[in-house]
Amino acid sequence: MHPDQHTHAHEADEVPHTHPEPGVDPHLPLPDAPRALRIGIGGPVGSGKTALVAALCRALGDELRLAVVTNDIYTTEDADFLKRNGVLPVERIRAVETGCCPHTAIRDDISANLDAVEDLEDALGPLDLVLVESGGDNLTATFSKGLIDQQIFVVDVAGGDKVPRKGGPGVTTADLLVINKTDLAPLVSADLSVMDRDAKARRGELPTVFLSLVEDRAATPVADWIRSLVAARVPAAR
Amino acid sequence: MSLATLLLLADGRLPSGGHAHSGGLEAQVSAGRVGDLDGLAGFLRGKLATSGLVAAAFAAAACHRTLGTSPPAHLARATPPAHPPRATPQPAHPARGDQTPPLYFVPDISDLDQGLDARTPSPALRKASRAQGRALLRAGRAMWAIPEIGREPHQPVALGVLARAAGLGPLEAAVAAAHGTVTGSASAGVRLLGLDPYAVHGLLARLAPDCDRVAASAAARAGDPVDELPAAGAPLLDIGAELHATWEVRLFAS
Ligand SMILES: Nc1nc2c(ncn2[C@@H]2O[C@H](COP(=O)(O)OP(=O)(O)O)[C@@H](O)[C@H]2O)c(=O)[nH]1
Ligand SMILES: [Mg+2]
């Protein structure tokens, strides 16, 4: 390059081109929709995060431009499950490898997740919604605000009705708390009203929903919560 | 040169994707070649002398190539560069008053990127290096004014360009590269083998002078043509990386 010869640098083999008048903005206007709404889905191993993602894909896949990023601890199992079950075309699903530390990848060093979201947007064009499932961890793992806009925390009834009382940042601060597997409550003698009361005490005004993905395969209360967020976000474009 | 800035660049907490990589250690642990502190020491010494030296040399070279260019005004420091380049290119845009900082441009460094491809026979390791280069650029863009050098440069090339953008020189870039080569695998060793973290840091302290030596020899050659830069290889690392990439269950991405 010989930048001193030019007002800006050209590659030697660059295709000849002209420049617009100064004063003319050469860029396309920004699309009227903002970037995709990003929702993080966290919670302990086995609480039903992947099952919830699958349900949301079934419920929202036809009405929203949707993509999914999974974070597995050891494998690409969650991504493989979603692909196998055909809830979303395979090109809409990416797996991130997290190097032993799933909470690091969603909170302290979010680079691989951001790269995955960007790659999806590059490959698929503008999206309305990206779901980011965390690798299962304990009750302390939450998402960075640099990665997601809103987060859902999924706990399950089978873990016992004390989980909301134990708290932790996921239970306390998530934008939506999902208490899943209510169908199992009688089997594990879990008292849903205790969980409801404790969740309210921990979370104040923040919403909590009860769910059984066995009984409600479209995860209706969660899908509705997401629909309202998307609608609030893009008032004109939708 | 700002020492605190160098510490920032070399800090393992820099969100640049490194935590997901073991630098080839996981494959060697699984093959039974590394199982304790002594094994880790041998592994780290071998890595430093081979891929560590290459990474340091390419980081120093990438930094050196951008030395003569103007950093953004807010980064311009009074200190002259420690290693003046042979020919000093001019900034692309001369400054037009205070409100227009000089545009920061990088001479073509694609030969360095290709040089690292040539020195990295394993496609899995190339992919890992480029993924980490991309992540490092993302972190760098949040910290300093980083010139456009492509989407996924090799990690050492990105590191050299970041070092320059941060106002550091080739020697500092090389030190950061050598240090990162050993510390990344060392913390993976703590996680994979359950090694005593104090013992591992004792090992790292003993390796620090070696890192400095490797970095100094790398920085001394920063201005060499790419084909004359170090090309030390470790075939077991390449073979291990290719096998590792086929595993169904693994803790680290590489
Ligand atoms: N009974 C019952 N099982 C569920 C429910 N939701 C998920 N599961 C099952 O719980 C197990 C773990 O679910 P998964 O989505 O993989 O959990 P993740 O680790 O949080 O992603 C799977 O066998 C699911 O089929 C539910 O509402 N009721
Ligand atoms: Mg899962």
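Data for the structure
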{"quantity": "Contacts under 6 angstrom Cβ, first residue in segment A:156-176 being within 16 Å of ligand 1 (Cβ to nearest atom), partner among the basic types (Lys, Arg), 6 or more apart", "calculated": "A:Asp156/A:Lys181; A:Val157/A:Lys181; A:Ala158/A:Lys181; A:Val171/A:Arg202"}
{"quantity": "Candidate set: segment A:58-91, residues that are within 13 Å of ligand 1 (Cβ to nearest atom), without any contact (Cβ under 8 Å) to a residue 60 or more places away in the chain and in contact with a Leu (Cβ under 8 Å, 6 or more places away or on another chain); chosen: the one farthest from the other protein chains (Cβ to nearest Cβ)", "calculated": "A:Leu82"}
{"quantity": "Residue count, segment A:22-57 (criterion: surrounded by fewer than 22 Cβ atoms within 10 Å (Cβ to Cβ), more than 16 Å from ligand 2 (Cβ to nearest atom) and modelled with pLDDT of 90 or more)", "calculated": "2"}
{"quantity": "Close pairs (6 angstrom Cβ cut-off, 6 or more residues apart or separate chains): more than 16 Å from ligand 2 (Cβ to nearest atom) in segment A:126-145, at pLDDT below 80 and not aliphatic (A, V, I, L, M) anywhere", "calculated": "A:Pro126/A:Pro31"}
{"quantity": "Filter result (touching a His at 6+ places or on another chain (Cβ under 7 Å) and within 12 Å of chain A (Cβ to nearest Cβ)) within segment B:1-46", "calculated": "B:Glu26"}
{"quantity": "So A:Leu211, is it within 19 Å of A:Val53 (Cβ to Cβ), within 14 Å of another protein chain (Cβ to nearest Cβ) and either within 16 Å of ligand 2 (Cβ to nearest atom) or out of contact with any Pro (no Cβ under 8 Å at 6 or more places or on another chain) (or both)", "calculated": "no"}
{"quantity": "All helices (runs of 4 or more DSSP H) inside segment A:103-195 with 3 or more residues being charged (D, E, K, R)", "calculated": "A:111-124"}
{"quantity": "Qualifying residue in segment A:122-131 (condition: within 14 Å of ligand 1 (Cβ to nearest atom), under 19 Å from A:Ile39 (Cβ atoms) and either among the charged types (D, E, K, R) or crowded, with 22+ Cβ neighbours inside 10 Å (or both))", "calculated": "yes"}
{"quantity": "A:Asp198 vs. criteria part of a helix (DSSP H, G or I), among the acidic types (Asp, Glu) and either away from chain B (no Cβ under 14 Å) or within 15 Å of ligand 1 (Cβ to nearest atom) (or both)", "calculated": "yes"}
{"quantity": "Yes/no for A:Ser144 being hydroxyl-bearing (Ser, Thr, Tyr) and surrounded by 24 or more Cβ atoms within 10 Å (Cβ to Cβ)", "calculated": "no"}
{"quantity": "Options B:Arg250, B:Arg191, B:Arg164: the member that is more than 14 Å from chain A (Cβ to nearest Cβ) and basic (Lys, Arg)", "calculated": "B:Arg164"}
{"quantity": "Criterion (surrounded by fewer than 23 Cβ atoms within 10 Å (Cβ to Cβ), touching a residue at least 40 places away in the same chain (Cβ under 8 Å) and among the charged types (D, E, K, R)) met by exactly one of B:Asp212, B:Asp224", "calculated": "B:Asp224"}
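The values are calculated or read from the model by the stated rules, or taken from the named source; none is laboratory data. Remember, predicted model here, so these are calculated numbers, not experimental data. Cβ coordinates were reconstructed from backbone atoms using ideal geometry, including for glycine residues, and neighbour counts include every protein chain displayed.
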